1. Scan segment B:380-396 for residues that are among the aromatic types (Phe, Trp, Tyr) and assigned to a helix (DSSP H, G or I) and jot them down.
2. What number of residues within segment A:7-31 are at the interface with chain B (Cβ under 9 Å from one of its Cβ atoms) and assigned to a strand (DSSP E or B)?
3. Anything in segment B:340-367 that is out of contact with any Pro (no Cβ under 9 Å at 6 or more places or on another chain), surrounded by 19 or more Cβ atoms within 10 Å (Cβ to Cβ) and either part of a helix (DSSP H, G or I) or without any contact (Cβ under 8 Å) to a residue 60 or more places away in the chain (or both)? List them, or say none.
4. Identify, from the list B:Arg21, B:Arg96, B:Arg73, the residue that is more than 10 Å from chain A (Cβ to nearest Cβ) and without any contact (Cβ under 8 Å) to a residue 40 or more places away in the chain.
5. Given the options B:Pro82, B:Pro64, name the one that is at pLDDT below 95 and more than 10 Å from chain A (Cβ to nearest Cβ).
6. Which fully enclosed helices (runs of 4 or more DSSP H) of segment B:218-286 have 3 or more residues being within 13 Å of another protein chain (Cβ to nearest Cβ)?
7. Please specify each residue of segment A:87-104 satisfying the condition of being under 17 Å from A:Ser62 (Cα atoms) and within 13 Å of chain B (Cβ to nearest Cβ).
8. Restricting attention to segment A:154-182, which residues are among the hydrophobic types (A, V, I, L, M, F, W, C), closer than 20 Å to B:Gly46 by Cβ and at the interface with chain B (Cβ under 8 Å from one of its Cβ atoms)?
Amino acid sequence: MKPINHVAGRAYPFGRKNVDTDVIIPAHWLKTVTREGLGKGAFEAVRKEPGNVFDDPEYAGSPIIVAGDNFGCGSSREHAAWALLDMGVTCVIAPSFSDIFSGNAFKNGILTVALPQAAIDRLMEVAQTDPIEIDLESQTVTTQFQDRYTFDIDPFRKHCLLEGLDEVGLTMAQGDTIAAFESKAAQERPFLSRMPAAVA
Amino acid sequence: MTTAPRTLYQKIWDAHVIETRDDGTSLVYIDRHLVHEVTSPQAFEGLRTAGRTVRRPDLTLAVPDHNLPTTARKDAAGNQLPIADLESANQLATLRRNAPEFGIRYIDATDREQGIVHVVGPEQGFSLPGATIVCGDSHTACHGGVGALAFGIGTTEVEHVLATQTLLLKQSKTMEVRIDGQLGPGVTPKDVVLHIIGVTGMGGGTGHVIEYRGNVFEEMSIEGRLTVCNMAIEGGARSGLIAPDEKTFAYLKGRPYAPKGEDWDKAVAWWKSLATDAGASFDKSVVIRAEDIQPTVTWGTSPEDTSAIGGVVPSPEDFTDASKRDAVKVSLDYMGLTPGTRLTDVEVQNVFIGSCTNSRIEDIRAAAAVLKGRHKADNVRWAIVVPGSGLVKEQAEAEGLDKIIVDAGLEWREPGCSACLAMNPDKVPAGERCASTSNRNFTGRQGPGSRTHLMSPAMAAAAAVTGRLTDVRELVG
Ligand code: SF4
């Protein structure tokens with residue numbers, strides 16, 4: 001996972017509410033068995049709309065998306081995060097995110113920034129013409145017009161994102177703690193820890 | 001020692017926390033892990049690249065479902081037929097290869113136990129009350145119907161669970177949805193959950209685990225409870241739960257992976273202790289009267305876009321929220337609907353009865369009860385019934401339901417996800433409408449340009465008969 005701290009550049013002023021994962025990457029793109037190449041399918045249906053921001057050369061290659069409420073709702077497909085990464089997006093700013101999407105984004109080194117609707121409205125305006133900057137270390141979103149918004153982030157997530165740490169490896173290092181819990185649980189709830197041989 | 005009253009969720013959570021960090025993140029033990037072909041290849045790839053193994057292969061069960069065609073899987077000689085779509089075939093082959101490589105129990109496409117992962121789990125007794133259950137699929141909430149704390153995870157989390165049998169989680173807030181009273185005739189669990197989402201909105205449960213409470217859920221069958229919990233995610237919640245009771249125990253007893261002998265007795269004793277204590281409080285509470293719930297359908301492209309079947313297509317102006325107004329405009333345009341049209345005047349060309357929401361035996365029975373002695377309307381071009389598993393299929397056939405379905409002009413298929421998300425060849429053509437018992441009516445969900453109306457199996461069967469959205473109570477009194 002790539003460390004992430006400063007994200008700066010133009011932003012897609014998308015603004016739409018309840019963007020579900022089918023919109024981010026339609027189901028027919030889910031047949032892949034690797035993580036690469038999904039950028040081609042990102043926002044496929046939106047891209048069929050004339051004048052959409054994703055095909056507007058003005059925003060080509062932007063690392064940021066500004067969106068509406070409840071971004072990433074719908075299915076748990078992590079392909080949504082891979083698709084965003086593959087199209088070069090490393091930060092999404094919205095009033096709120098679906099729990100699963102923000103978890104998936106974090107695990108792939110994408111920063112999700114939740115800001116109040118008023119801030120989103122302002123950033124949508126700025127994004128039309130100018131860049132936006134996000135600084136994870138100081139937890140701020142700024143523009144060259146003196147706009148400055150601070151955002152909250154879980155300290156553990158912040159640490160992992162800044163260092164590019166892989167969660168699986170971190171947890172595996174706690175193997176003894178897990179084993180201790182496992183044997184205690186096997187005593188207390190043997191029916192959950194023991195899997196009967198299936199009898200058809 | 002006195003403990004403060006706790007909710008069902010809190011009790012399951014407390015029993016599974018390994019440790020909690022200063023920032024409030026907990027390392028949580030996972031009891032059961034279901035794996036299917038779509039969200040697992042990259043997780044196994046990750047393990048392989050890092051030289052990692054699966055910590056508890058015995059607690060993991062893999063079954064293919066999303067990509068499988070629902071047409072015959074074997075030729076007359078019993079050989080497995082090839083899958084035409086090469087990408088689908090490759091994904092299925094990848095799971096078939098990965099499962100034995102990592103020592104995981106695997107049900108194959110042609111095994112009689114094969115089915116949709118969320119139908120197979122409870123059916124095999126793999127999903128148990130009080131267990132933490134995960135799967136790389138957002139409808140994992142389904143297993144809350146047997147009282148499990150179950151939720152969908154992404155592929156990196158699948159890898160995390162495979163390698164460590166744990167997940168890093170933040171405790172959720174709790175939400176109670178309480179429905180007491182008497183459901184009217186023709187009102188099924190699907191109508192109940194569609195109505196709930198219409199009331200709470202698509203984001204109403206965000207950050208919460210929902211516990212469904214009240215006599216309506218107590219009286220509901222296990223199949224019905226699975227239907228309700230299946231759609232908790234459609235209301236924004238990561239999990240939905242219903243307290244396990246005698247019905248749950250009776251449903252699970254004797255199933256292949258359910259506890260046996262002494263373990264069973266211990267299990268039942270513990271399961272009985274899980275119910276929410278009197279006086280426990282919820283962060284949010286929604287109360288609905290059973291009498292207010294009508295047979296319900298969706299008209300838009302969000303599961304919150306529900307209406308009683310007696311209603312009309314709304315107008316964007318009916319909504320106060322400006323962004324919802326815009327969304328409704330886009331959605332009605334996509335759906336090809338005019339405000340003010342009576343829902344029962346909306347014609348359908350396709351009918352899909354299936355998906356992890358509504359493909360259990362009770363659902364097939366409900367559809368067959370409406371179809372019996374009737375025939376699908378001529379304007380319905382494509383109508384399929386897809387059982388949730390091979391065992392559901394066998395049971396339905398033993399009851400002669402397949403015959404009723406076929407005589408009514410509908411197709412009786414092999415188990416799988418099918419037209420729920422159209423990863424296999426079962427798709428709704430662009431611009432056409434589908435009366436569907438699945439859980440999502442998102443843009444393009446059942447195929448590019450498809451228009452989905454969500455409803456119960458009985459209502460979908462009624463739509464097949466009349467060729468339009470129909471109040472099932474007009475057909476069966
Ligand atoms: S039936 Fe539909 S919702 Fe259920 S697991 Fe399959 S694709 Fe997902």
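The values are calculated or read from the model by the stated rules, or taken from the named source; none is laboratory data. None of the values given here were measured: they were computed from a predicted structure. Using ideal geometry, Cβ is built from the backbone for each residue, glycine included, and neighbour counts are taken over all protein chains shown. For the accessible areas, the whole protein counts, side chains as well, though only heavy atoms, and no ligand, DNA or RNA atoms are used. Shrake-Rupley method; radii C 1.70, N 1.55, O 1.52, S 1.80 Å.
1. Within segment B:380-396, the subset among the aromatic types (Phe, Trp, Tyr) is B:382.
The answer is none; no residue qualifies.
2. Matching residues across segment A:7-31 total 1.
3. The first filter runs over segment B:340-367 and keeps only residues out of contact with any Pro (no Cβ under 9 Å at 6 or more places or on another chain), leaving B:341-348, B:351-352, B:355-357.
Next cut, surrounded by 19 or more Cβ atoms within 10 Å (Cβ to Cβ) only: B:343, B:346, B:348, B:351-352, B:355-357.
Result: B:Leu343, single match.
4. Numbers: B:Arg21 fails: more than 10 Å from chain A (Cβ to nearest Cβ); B:Arg73 fails: without any contact (Cβ under 8 Å) to a residue 40 or more places away in the chain.
Testing whether each residue is more than 10 Å from chain A (Cβ to nearest Cβ) and without any contact (Cβ under 8 Å) to a residue 40 or more places away in the chain leaves just B:Arg96.
5. Values: B:Pro64 fails: at pLDDT below 95.
None of the others qualify; the one that does is B:Pro82.
6. Working: elements: B:222-230, B:246-252, B:261-272.
It comes to B:261-272.
7. Of segment A:87-104, the ones under 17 Å from A:Ser62 (Cα atoms) are A:87-94.
Once the filter is applied, which keeps residues that are under 17 Å from A:Ser62 (Cα atoms) and within 13 Å of chain B (Cβ to nearest Cβ), segment A:87-104 yields only A:Ala94.
8. Going through segment A:154-182, the residues among the hydrophobic types (A, V, I, L, M, F, W, C) turn out to be A:156, A:160-162, A:165, A:168, A:170, A:172-173, A:178-181.
Subsequent filtering for residues that are closer than 20 Å to B:Gly46 by Cβ retains A:160-161, A:165, A:168, A:170, A:172-173, A:178.
Answer for segment A:154-182, where residues must be among the hydrophobic types (A, V, I, L, M, F, W, C), closer than 20 Å to B:Gly46 by Cβ and at the interface with chain B (Cβ under 8 Å from one of its Cβ atoms): A:Val168, A:Met172, A:Ile178.
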